[in-house]
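Right, one structure below, let's go through it.
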Amino acid sequence: MKDWIAVHTWNEDGDRERFAEKYGESFFANEKVFSDACETMVGAKCRQTWLGEDAFFFCHWQAPTDQAVID
């Protein structure tokens, strides 16, 4: 597995809120909750996050390819 840093952007107003509605506001509560939820993803694993209230956030991913992070 390779390590990747990705910058994710909430593309539209309300994206973060819709995401929170779908997965629960607790998803953003702390890094462990976010990381644990990402463990169920196939192909790439989110290992660390830097979340804020801005339109973007950073994630440290482990994946075999960059495309696995995008998918």
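No lab work stands behind these numbers, since they all come straight from the coordinates. All values derive from a computational prediction rather than experimental measurement. Counting neighbours? That spans all protein chains shown, and the Cβs are built from the backbone with ideal geometry, glycine included.
Before moving on, here are some points about what is shown:
- Residues within the range 46-69 that are closer than 17 Å to D36 by Cα, of a type in the set (V, I, T) and either exposed (fewer than 14 other Cβ atoms within 10 Å of the Cβ) or in contact with a Gly (Cβ under 9 Å, 6 or more places away or on another chain) (or both), tallied: 1
- Extreme residue, farthest from the chain's Cα centre (by Cα), among residues of the range 31-68 that are touching a residue at least 40 places away in the same chain (Cβ under 8 Å) and within 24 Å of G14 (Cβ to Cβ): A55
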